[in-house]
Amino acid sequence: MSTISDSLLIRDIHSQLKANDHRDALEELLSPLRNDSRVRDWANLRGALLAEFPNDCFAESPSTLFLHHGRTESVSSLVLALGRSKQGLSLPGKKHRVHLVIAAAIPEALNNEYLRILGAFSRICREPSTLAGLLEAKSQSEILTLLEKGCLQ
């Protein structure tokens, strides 16, 4: 069984997003993946994730975390990217600003892995101390450590 760090590389954790809204944040997360060996077709990946409105990740924390995710053959394995916005991002129809954005893409064949990762993020969202830690983490490696710890709970 893989861990978050198998799919979310340190270089794909953006702790200071410059974006002001979720679409620009997603562009900021996806752009560095253009040359990632796990991405077979970057343009298709980008189009697929931008076409989907971000999912209100989990009702327990509607103003903290949003997840853009999809199954696509544009990637060879699970690919994750995470961005954090100190000022928060605006989302249409939402009165609260979002501070964490996750992009997740996975091939159709890895259905169990896909569901396991979504479940892991659900557990993380239900733990207020983990969410607070993600918002306050000083480094990308600290963010990754908190995510890994949250997945084990």
Residue set E148, E142, E113; condition among the acidic types (D, E), in contact with a helix residue (DSSP H, G or I) (Cβ under 6 Å, 6 or more places away or on another chain) and under 17 Å from S5 (Cβ atoms); output residue E148
Just name the residue that is surrounded by the most Cβ atoms within 10 Å (Cβ to Cβ) out of those in segment 119-135 that are at pLDDT below 80 and within 18 Å of H68 (Cβ to Cβ).
I124
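Answer yes or no: is there a residue in segment 89-100 that is modelled with pLDDT of 85 or more and touching a Gly at 6+ places or on another chain (Cβ under 8 Å). Lay out the reasoning, then the answer.
Pass one, segment 89-100, residues modelled with pLDDT of 85 or more: 89, 99-100.
Filter once more, so that each one left must be touching a Gly at 6+ places or on another chain (Cβ under 8 Å): 99-100.
The answer is yes; a qualifying residue exists.
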H99 fails exactly one of the following numbered conditions: (1) buried (at least 18 other Cβ atoms within 10 Å of the Cβ); (2) more than 14 Å from S7 (Cα to Cα); (3) touching a residue at least 60 places away in the same chain (Cβ under 8 Å). What is the number of that condition?
(3)
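The values are calculated or read from the model by the stated rules, or taken from the named source; none is laboratory data. If you're wondering where the values come from, they're calculated on a predicted model, not measured in any experiment. Virtual Cβ from ideal backbone geometry, glycine too; neighbours counted across all protein chains shown.
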